[in-house]
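No value in this document is a laboratory result; all are computed from the given coordinates. Computed from a predicted model, the values in this text were never measured in an experiment. Neighbour counts are summed over all protein chains in view; Cβ atoms, including those assigned to glycine, are modelled from backbone coordinates with ideal geometry.
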Amino acid sequence: MKNVNVKRMAGVALLMAMVVVMQFLSGIIPPVGGFSFSLVLIPIVLGAALFGPKTGALLGGTFGVVVFINCVTGADPGGQMVLQANPILCFLVVMGKGILAGMLSGLMYKVMKQKDGKGYVSMVCAAVVCPVVNTGVFIVCMLTFFRPVLEAWAQDGGVAAFILSGLVLVNFVPELIINVVFSPASQRIIQSVSKKM
């Protein structure tokens, strides 16, 4: 039992480190062909599936902390605009979207796993939920609390067009595709780790 807890703690710590590194790298790597490729949701989904919704929430919270640090330091210029508009709400939004994405991804995996013996469908569902919640909560919060910032980002193009082109097509769609593509590999990792625990 003690050995299992040590392995679990080591696994969670490794996934947290991956979240931190991947999120910092996503701020450094320039968009390719107008698309921003963020891999940070992969370890969140993997941890949520492997260790449960609480771990998913912890990993999502770790993601939120790094996003907030990027807002404070100016590594994320758009995030810094949100921070300047309202620092407390900025913190709550970035933490809330990360925590909810990880937790709900873990809950989806847990619910679907009861019906899906091998776990592949469960993993795909969890991999879909994470970016949907992350981007969905962000868009709702931006529309509700930070509409002037959205208008500044959109410039003269209109908020709805910016949300569709900038937030959905450039950010959400690549994250969704990356998560769904890597979910079968993640499921193999889960099966391998589960046998050793």
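Of the peptides 120-127, 10-17, how do they stack up when ordered by the mean number of other Cβ atoms within 10 Å, highest first? Don't skip to the end; give the middle numbers.
On the way: 120-127: 23.5, 10-17: 15.2.
Peptide ranking by packing, descending: 120-127, 10-17.
On C-alpha positions alone, give me the angle between the axis of helix 87-113 and the longest principal axis of the chain, in degrees, nearest 10.
Result, in degrees: 30.
Okay, helix-only estimate at 222 nm for the chain: each DSSP H run of n ≥ 4 adds -39500 (n - 2.57), divide by all residues, round to 500 deg cm²/dmol; what do you get?
Roughly -27000 deg cm²/dmol at 222 nm, from the helical runs in the chain.
Sort ARG8, ARG147 so the one with the fewest other Cβ atoms within 10 Å of its own Cβ comes first.
Numbers: ARG8 16, ARG147 12.
Ordered from fewest to most neighbouring Cβ atoms within 10 Å, ARG8, ARG147 come out as ARG147, ARG8.
Under 8 Å for C-alpha pairs, at least 6 residues apart: give me the relative contact order for segment 2-195, rounded to a whole percent. Mind dumping the intermediate values first?
Details: 273 pairs, mean separation 44.7, N = 194.
About 23 percent, as a whole number.
If you fit an axis through the alpha-carbon atoms of helix 41-51 and take the longest principal axis of the Cα set of the chain, what angle between them do you get, 0 to 90°, nearest 10?
It is inclined by approximately 30 degrees.
Describe numerically, in nm with one decimal, the distance between label points set 7 Å from Cα along Cα→Cβ at VAL170 and at LEU92.
Those two pseudo-labels are separated by 2.8 nm.
Tell me the label-point distance for the pair ALA13, ARG147, using the 7 Å Cα-to-Cβ offset, in nm and rounded to one decimal.
4.8
I'd like the Karplus ³J(HN,Hα) series for segment 10-16: coefficients 6.51, -1.76, 1.60, θ = phi - 60°, whole numbers in Hz, and an x wherever there's a Gly or Pro.
With coefficients 6.51, -1.76 and 1.60, one gets 5, x, 5, 4, 5, 5, 4 Hz.
Number of Lys-Lys pairs in the chain under 20 Å by Cα, sequence gap 8 or more or different chains?
18
If you split all Cα-Cα distances of segment 59-163 into 10 Å bins from zero, what percentages do you get per bin, shortest first?
16, 38, 28, 14, 4, 0
Looking only at segment 75-114, which residues have a backbone nitrogen under 13 Å from a spot 7 Å from the Cα of ALA161 in the C-beta direction?
So the set is empty, nothing qualifies.
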